[in-house]
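The structure appears below as structure tokens.
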Amino acid sequence: LLMFLLVLLASLCLLPHPTQGAWFQVGVVGPWGCDPLFAKALPSVAAQLAVNRINKDPSLTYAATFDYVVLQESCETSRALEAFVGFQTKASGFIGPANPGYCDAASLLSKGWNKALFPWSCVGYELDDVRSHPTFARSMARPTWVLLRVMNYFRWAHVGIISSTEDIWVETATKVADSLRSHGLPVRLVSFVENTPHGVRRTLSKLLVILCMHSALIGGGLQKLLLETAYDMQMIEGSLVFFPYDTLLYSLPYLNISYPALKSNSKLLRAYDAVLTITINSPQMSFYEAYREAMDRGEVARTLKPQQVSPLFGTIYNSVLFMAHAVHQVRQSRQWMSGGNLARHTRNLDFQGFSHPFKTNSSGAVLLDYLILDTDGLSWELKPAYRIEMEAGIVHFLGRDIHFPRGSGPRKDSSCWFTPGVICSGGEDAHTHTHTHKYKLYIHACWIDFDIEAKLLVSHFELISLQKLSLDDSRASGMRSISDRSITSPVSTQSPATYENSNVVIYEGDWAWLKRLPDGLFSRITPKTSDVFELMKDMRHENVNPFLGFFHDCGVFAIVTEFCSRGSLEDLLLNEDVKLDWMFKSSLLLDLIKGMKYLHHRGVSHSRLKSRNCVVDGRFVLKVTDYGYNEVLESQKFPYIEPPADELLWTAPEILRSGQAGLHGTLHGDVYSFAIIMQEVVIRGPPFCMLDLSAADIIERLCKPPPLFRPVVSPDYAPLECIQLMKQCWNEQPDKRPCFDEIFDQFKNINKGKKTNIIDSMLRMLEQYSSNLEELIRERTEELEIEKQKTEKLLTQMLPPSVAEALKVGGTVKPEYFDNVSLYFSDIVGFTTISANSEPINVVDLLNDLYTLFDAIIGNHDVYKVETIGDAYMVASGVPVPNGNRHAAEIANMALDILSAVGTFKMRHMPDVPVRIRIGLHTGPCVAGVVGLTMPRYCLFGDTVTTASRMESTGMPYRIHVHHSTVKVLKDLNLGYKVELRGRTEVKGKGIEETYWLVGRDGFTKPLPVPPELKSG
């Protein structure tokens, strides 16, 4: 008794106590040390600010002594999980992790520790299962729910996801794809590793694109590169909509805010016209205003401007405050301070977050309002177009239409994609949707008729008697299927073929196969068996072995199917004389996928799929057989015989655990069996052959995880995408395995859409050998096309594209008048002296190096290079394509960039001699046209050209001389351009006019060369 009391007392000491004012430390988990853009969220400052306010808040008296610790998460998923395991003793509860890839594992660990986990970035819907994840509670609304609201509202179903290569974003993309697919949406996942424009173009046509990476607005370089590449590829034309994913995780300011990424990059600005930014709504004050207010109060240091801090700061702050409210609720209710109680006390909360209200419903789900922000491709301001009210699930129009490039957005998809319980196959309008429903009704009607026929026992399949079969002695020994070795006893190759030892028979002059059932001693075929045979008879597909009838004679009851001369897939894989390259293997796998896809479309679960039940005919076409076998066993009430362990290696773990394995199956179980067959084909070995374990040991480990037990396949055996698909198919959670429609689509992408039929490939090889001339002509044609493209590219470099197209078709280009353009002239100061002291080749190198530098700079601006004459360089904006009143800003930005670049430019042959240039800018009307037939040139004419040239010639070294007409436009734009009055200057042919020096622009941080001092007079 004494010992019992001591043990009880020790146990009670270990339990947490609901002591008011007890110390609680929250751990803020994230990749703060390895990702600089995550580090811009200042997690330590955000947590400290939240803790200080919590400890002073009289409404949170039960959470009075709150503290925090910042915990570093690795940018590699495996190492991040390893680090998280060591956080057990460092915090009382956790905010994070930031990497969704190990949210499941982190939640299970926190469950074991009985500590709360309040992440803001976890995506998976399975985490909402309170029974499996009792200590888990989201501190943000699920981002995919927000996306689904938007996609449903606009009826955009087809989605592509692009992620950067960092683990955290790859895992995010995978989880987002899984979540959207769980709602029946077709999702293609693309990991963007390098700039491959043609591959991106093929993959992303007619899609809604979700960008899982850091936003370009807060410094995400990859997103900026991606959008600029899409713009260069002319993909920003309205058929694609891009959604930055990370802005869903915080409140991005937009009122009276200009983002430098858009303001200083006209190409990105135009590309951003195809981007819709979804972010949390902050109706009272923006994140920047809230941060500035905290600075004014002295709560955060003034070392950084608010614009230099990531808005994720607010999300971290809100998450800590969210946990504090949960702690307060638990202590107020006098309950134990456990992770489960904290997660349960997140319901019906309502408080002010850092910059926006924070609210949860009766189930603890976070309810926030979101905004859809849009730009018009010309202005860098983000304008709200729609508000998403998550509590009511409504999207509100705010009176401003979304501005799509070229006036129209992506086409709407069929509403069936968003109708629960309806399988949609890709319709785009109401007609397709109606057709889908008619088809479903037709299927239902067929099943009703079928049931009536079954009840009346009107059987159209054939009962095959012994008189109709004859045994094929020549094939009795050599063609015994491995799948029947457990049923029939081994026979000597010398034994004559009889109905007792052979499965190969001749039926109506052709070979057939007998699939014997365990026992033929029964009196009749039941109506349910008749139904099964009717269903099997109706199966007609090139990759499904046809059912011919059933055999019942001499005490033998067997299913009769077509005979396939090359045996089972297992036979083929074990036959070392047959060489199998990847083309051969992928052809077999694709046949299997198509056969199973057909069966599942007919509502048939195979339930005993294995390589022994896949047969290969003489044309190397794989066919699925033995479907319906288990249904016949059940309908005829055969006694259940537990299969040997080696027959269960293909069976899904959930079926193995259910009892009577091998008798009943599921569609998800078939997908698992397919994954094991993939392993056999890929490494050309039996299931789990690399693990050196007995079949019984393998089955035991499959039934009792953890750890998760699966075959180990090296990436050397097959394309990486194939191995990833295989791992998806043997996922431990059945509902996360892809269906065969998705498997078919992914497998086609692995083979780049190429046909993998073996016979077709052999014929193709023969054609290649016999048609060498055709190949030669094709190569020459391709070379000619390449040269043509080079010529066209060269022509468009010499002339504007519109002018070049007109000249190519033999048309004439009429002169065109432009009301307002801006011109740039520059030349090298002292070029005559430099030329006199240099060899001619040195002069050519100097000009080539300098103008190559200039050409690279103008590619980032909306300008057109008119010509170069000697050391003179002429550029125009607003011509040949008008751009509103942005021409002055484009020319000014370009001039500042060129002047900055010249400051560090060195001549190869005279590195110590600086290259100083004069720049002149002018704005006004002009006429443009093509002059000449031989070496035609696109030229500009008018007083504006002359005045711009005069501005350059009367300028000074290292200075940008600007006419008052250009200054007027720049001031009207109000972009922060800095100009200094030069004074009244005599302009040849124009008289005395006021001119200015352009010396900079707000936000322009590049160094400019120091010009010589101006002398008075």
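Throughout, read-outs are computed from the coordinates displayed, never taken from laboratory work. Just so we're clear, the structure is a prediction, and the values are computed from it rather than from any experiment. Reconstructed Cβ throughout: ideal geometry from the backbone, glycine too, with neighbour counts over all protein chains shown.
Evaluate the charge dipole of the stretch 814-1001 about its Cα centre and quote only its size in Debye, nearest 20, assuming +1 on the Cβ of each Lys and Arg and -1 on the Cβ of each Asp and Glu.
Numbers: 18 positive and 20 negative charges, 78 e Å.
Using Cβ point charges on Lys, Arg, Asp and Glu, the stretch 814-1001 gives about 380 debye.
Just to confirm the filter: which trypsin sites (Lys or Arg not before Pro) across the stretch 149-187 are DSSP coil and have at most 13 other Cβ within 10 angstrom of their Cβ?
Numbers: sites: Arg149, Arg155, Lys175, Arg181; in loops: Arg155.
Loop-located and lightly packed - none at all.
What does a probe at Leu933 reach in the stretch 799-841, counting residues whose amide N is under 19 Å from the point 7 Å along Cα→Cβ?
Under 19 Å, as judged by backbone N against the label point of Leu933, lie 804-815 of the stretch 799-841.
Apply the Karplus curve 6.51 cos²θ - 1.76 cosθ + 1.60, θ = phi - 60°, to the phi angles in the stretch 832-840 and return the couplings in whole Hz, x for Gly and Pro.
4, 5, 4, 5, 5, 9, 10, 6, x
Describe numerically, in nm with one decimal, the distance between label points set 7 Å from Cα along Cα→Cβ at Asp735 and at Glu775.
According to this spin-label approximation, the distance is 5.3 nm.
Each label point is 7 Å from the Cα along the Cα-to-Cβ direction; what then is the distance between the points at Thr65 and Ile992, in nm?
The modelled label-to-label distance comes out at 8.2 nm.
Non-local amide H neighbours of Tyr68 (under 5 Å, H modeled in plane, Pro and chain starts lacking H): which ones?
Amide H to amide H, under 5 Å and 5 or more residues apart or across chains, Tyr68 pairs with Val26.
I need the P(r) histogram for the stretch 651-692: all alpha carbon pairs, bin width 10 Å from 0 out to the longest distance, whole percents.
Here the calculated profile for the stretch 651-692 is 29, 45, 26, 1.
Rounded to whole Hz and in sequence order, give me ³J(HN,Hα) for the stretch 563-578 from the Karplus expression 6.51 cos²θ - 1.76 cosθ + 1.60, θ = phi - 60°, writing x for Gly and Pro.
8, 10, 5, 8, x, 7, 4, 5, 4, 5, 5, 7, 7, 5, 6, 8
Need one number for the stretch 814-1001: average projected area of the convex hull over its C-alpha atoms, nm².
Result: 11.3 nm².
With r as the distance between the Cβ atoms of Val130 and Arg516 and R0 = 60 Å, compute the FRET efficiency 1/(1 + (r/R0)^6) and round to 0.05.
Between Arg516 and Val130 the formula returns 0.75.
Taking each pair of distinct Cα atoms in the stretch 591-719 once, what is the resulting Kirkwood hydrodynamic radius in Å?
15.6 Å
Starting at the first residue of the stretch 173-186, write each ³J(HN,Hα) from the Karplus equation 6.51 cos²θ - 1.76 cosθ + 1.60 with θ = phi - 60°, in whole Hz, x for Gly and Pro.
So the Karplus estimates, Gly and Pro as x, are 4, 4, 5, 5, 4, 4, 5, 5, 5, 5, 9, x, 8, x Hz.
To make sure I understand, if each residue's beta carbon is the centre and we count other beta carbons within 10 Å, what order do Tyr250, Tyr288 fall in, fewest to most? All intermediate terms of the calculation are to be shown ahead of the outcome.
Working: Tyr250 27, Tyr288 21.
The fewest-first ordering by Cβ neighbours comes to Tyr288, Tyr250.
Report the local net charge at Ile834: Lys and Arg +1, Asp and Glu -1, summed over other residues whose C-beta lies under 15 Å from its C-beta.
Values: positive: Lys906, Arg908, Arg916, Arg918; negative: Asp827, Glu839, Asp845, Asp849, Asp871, Asp912.
Net charge in that neighbourhood comes out at -2.
Using 0.36 nm per residue of separation minus the Cα-Cα distance, give me the extension gain between Thr89 and Glu642 in nm, one decimal. It would help to have the intermediate numbers written out before the result.
Numbers: separation 553, 0.36 × 553 = 199.08 nm, distance 4.83 nm.
Computed gain between Thr89 and Glu642 is 194.3 nm.
Any chance you could run the full-extension gain for Ile786 through Val844? It's 0.36 nm times the residue separation minus the Cα-Cα distance, nm to one decimal.
17.9 nm is the gain from fully extending Ile786 to Val844.
Relative to the present Cα-Cα distance, how much length would full extension add between Tyr817 and Thr165 at 0.36 nm per residue of separation?
Separation in residues times 0.36 nm, less the Cα-Cα distance, equals 229.8 nm.
Determine Rg/Rh for the stretch 923-1017; Rg is computed over alpha-carbon atoms and Rh is the Kirkwood hydrodynamic estimate from the same atoms.
1.04
Once both labels are modelled 7 Å past Cα along the beta-carbon direction, what's the Met910-Ala39 spacing in nm?
4.5 nm
For the stretch 95-187, how big is Rg over Rh, using alpha carbon atoms and the Kirkwood form of Rh?
On the way: Rg = 13.9 Å, Rh = 13.9 Å.
That ratio is 1.00, to two decimals.
Using modelled amide H (1.01 Å from N, peptide plane; none on Pro or chain starts), what sits under 5 Å from the amide H of Val863, excluding residues fewer than 5 places away?
HN-HN under 5 Å from Val863: empty list.
Using a cut-off of 14 Å between beta-carbons, work out the net charge of the residues near Thr868 (Lys and Arg +1, Asp and Glu -1, Thr868 not included). Could you put the intermediate results ahead of the total?
Values: positive: Lys865, Arg937; negative: Asp827, Asp849, Asp855, Glu867, Asp871, Glu952.
Residues near Thr868 contribute -4 overall.
Could you pull out the GluC sites (Glu not before Pro) across the stretch 270-336 that fall in loop regions by DSSP (anything but H, G, I, E, B) with no more than 16 other Cβ atoms inside 10 Å? Could the numbers behind the result be given before it?
Values: sites: Glu289, Glu293, Glu299; in loops: Glu299.
Within the stretch 270-336, the qualifying GluC sites (Glu not before Pro) (loop, at most 16 other Cβ atoms within 10 Å) are Glu299.
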